Amino acid sequence: MPMTKPSMFMKKRLFCPGPTPVPMDAAIAGLDSSLYHRTDEFYRYFQSCRELLAPLMGTAQLPVILTASGTGAMEAAVVNLTAAGDEVIVLNGGKFGDRWRGLCEQYQCKSHVIDVPWGAAPTTAQIETALKAAQKPRAFFMQANETSTGVFYPVHDIIKQVQKAHPDCLIVVDAISGLCAHELKMDAWGIDCLISASQKGFGVPPGLAFLSLSARAEKNLTDRPKFYFDLKRELKGQAGGRSAWTPAITLLQSFKTVLDQLHATGIDQVVAHHTRLANATRAAMTAMDLSLFPKTHPSNALTTIIVPQGVDGKKLVAHLRENYGATVAGGQDQLSGKIVRLAHLGIVDQFDVLTGIAALECGLRDLGHKSDLGAGTRAFLRAL
Ligand SMILES: *Cc1c(COP(=O)(O)O)cnc(C)c1O
């Protein structure tokens, strides 16, 4: 079944939850390097990116665009919204929740960590315990979509619970992989800081991170020592289209190309598209006799399966890349070798996802998993 190697006929394809495939028109837009960032032309360009992005984040607040990977925006949130010694609450149910924990620890916050088993969403009781233990938490840090496990948390319910116990607590949501795949209404839900990045739902290469602040969060920026990620400075400059430092100009050109299309489509349609792909992918996995890793709250951005008995998970990921040109993601840390993550996030269509499912079927069969070849792709098409 594996293709002959080396082969000019083996195409490389990304099925991992970031970076996601870059559409041709966006890639081409990123080739023009003639734009200078200290010009009125660029200021207008930068502003229009902010204006197009805001409604996708469910907010009237214009987001700050940073030149960084997503973690840069997470660090900016911690540095600008907390002070050393501040009490905070961190929801930790995977690799990215653990990143909030690590950031808050590094910046000397006193954290109440809600440890959730990987693959699960927190229960109201687990959140209640942390809310009770905290006296006057300054901020609550969470993911929307925990990409390491493929779980989408019940964001709105969690926020309501936090607001009830601690109305002054700032709500910070890492929606780096959640945005575009799930409904996230920053203003309506009372999110104070919503974060995303270019290489997930937007199909733009890595290097841009976005962060929107509520009016309340803007008033609560702290005066910790900082330099590169100074949100007060960025908010002031970006109001006129000026970023403090040289922005990733070519990435912004790619970004604008995608933003125009997302804007024309409308965020509700974008979310509906991802929902449809996710539902059909889960049907495919079940038809392939595979178990889904999250028992509840599966993500629309990616589908996580448990590697079946008798198959070596690490070998499967390598085998798919080497023999089929298909890059899926394996598990990290405690899930290493135990799960496979297949993304359907970003600017992808049903036939992109179908190819990923077909590759997975071939790879699993090569490595000894017994299931009817074609069962997954058939179930996927039927579910659509
Ligand atoms: C991808 C991702 C990040 C950011 O990772 P970077 O490598 O810094 O871009 C953070 N949180 C979540 C939930 C993610 O999916």
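The values are calculated or read from the model by the stated rules, or taken from the named source; none is laboratory data. Keep in mind the model is a prediction, meaning the values are calculated, not measured. Note that we place each Cβ from the backbone using ideal geometry, even for glycine, and neighbour counts take in every protein chain shown.
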For this session: Exactly one condition in (1) under 22 Å from Val151 (Cβ atoms); (2) touching a Cys at 6+ places or on another chain (Cβ under 9 Å); (3) within 16 Å of the ligand (Cβ to nearest atom) is not met by Val113; state its number.
Result: (3)
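Can you tell me which residue within segment 93-132, out of those that are of a type in the set (Asp, Glu) and not in a strand (DSSP E or B), is surrounded by the most Cβ atoms within 10 Å (Cβ to Cβ)?
Taking segment 93-132 and keeping what is of a type in the set (Asp, Glu), we get 98, 105, 115, 128.
From what is left, the residues that are not in a strand (DSSP E or B) are 98, 105, 128.
Numbers: Asp98: 19, Glu105: 14, Glu128: 14.
So the residue we want is Asp98.
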Problem set entry | Cross-chain or 6+ apart pairs with Cβ under 6 Å, segment 142-163 first and over 23 Å from Gly201 (Cα atoms), then crowded, with 24+ Cβ neighbours inside 10 Å | Val162/Phe140
For this session: Taking Asp352 as the residue in question, decide whether it is at positive phi and in contact (Cβ under 8 Å) with a residue 24 or more places away in the chain.
Result: no
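Tell me whether segment 79-86 contains one or more residues that are surrounded by 16 or more Cβ atoms within 10 Å (Cβ to Cβ) and hydroxyl-bearing (Ser, Thr, Tyr). I'd like the intermediate steps shown before the answer.
Going residue by residue through segment 79-86, those that are surrounded by 16 or more Cβ atoms within 10 Å (Cβ to Cβ) are 79-82, 86.
Subsequent filtering for residues that are hydroxyl-bearing (Ser, Thr, Tyr) retains 82.
Within segment 79-86 (the criterion being surrounded by 16 or more Cβ atoms within 10 Å (Cβ to Cβ) and hydroxyl-bearing (Ser, Thr, Tyr)), the answer is yes, since at least one residue qualifies.
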For this session: Look at Asp230 and say whether it is buried (at least 17 other Cβ atoms within 10 Å of the Cβ) and over 20 Å from the mean Cα position of the chain (by Cα).
Result: yes
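Being over 19 Å from Ile171 (Cα atoms), at pLDDT 95 or above and touching a helix residue (DSSP H, G or I) at 6+ places or on another chain (Cβ under 6 Å) narrows it down to one residue among Gly237, Gly207; which is it?
On the way: Gly237 fails: touching a helix residue (DSSP H, G or I) at 6+ places or on another chain (Cβ under 6 Å).
Result of the check over Gly237, Gly207: Gly207.
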For this session: Can you give me the number of residues within segment 125-176 that are farther than 18 Å from Gly70 by Cα and either among the small types (Gly, Ala, Ser) or modelled with pLDDT under 95 (or both)?
Result: 6
For this session: Kindly list the number of the only condition in (1) over 21 Å from Arg99 (Cα atoms); (2) surrounded by 24 or more Cβ atoms within 10 Å (Cβ to Cβ) that fails for Ala175.
Result: (1)
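Residue-wise test of (1) under 22 Å from Asn300 (Cα atoms); (2) in contact with a Lys or Arg (Cβ under 8 Å, 6 or more places away or on another chain).
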position	(1), (2)
Asp98	yes, no
Arg101	no, no
Tyr107	no, yes
Val116	yes, no
Ala133	no, no
Met142	yes, no
Asn145	yes, no
Asp168	no, yes
Ile176	yes, yes
For this session: Determine which single condition Ala283 fails, assuming it passes every other condition in (1) touching a helix residue (DSSP H, G or I) at 6+ places or on another chain (Cβ under 7 Å); (2) on the phi > 0 side of the Ramachandran plot.
Result: (2)
Exercise. Just checking, which of Leu277, Leu262, Leu345, Leu292 is modelled with pLDDT of 95 or more, touching a Ser or Thr at 6+ places or on another chain (Cβ under 8 Å) and buried (at least 20 other Cβ atoms within 10 Å of the Cβ)?
Worked result: Leu345
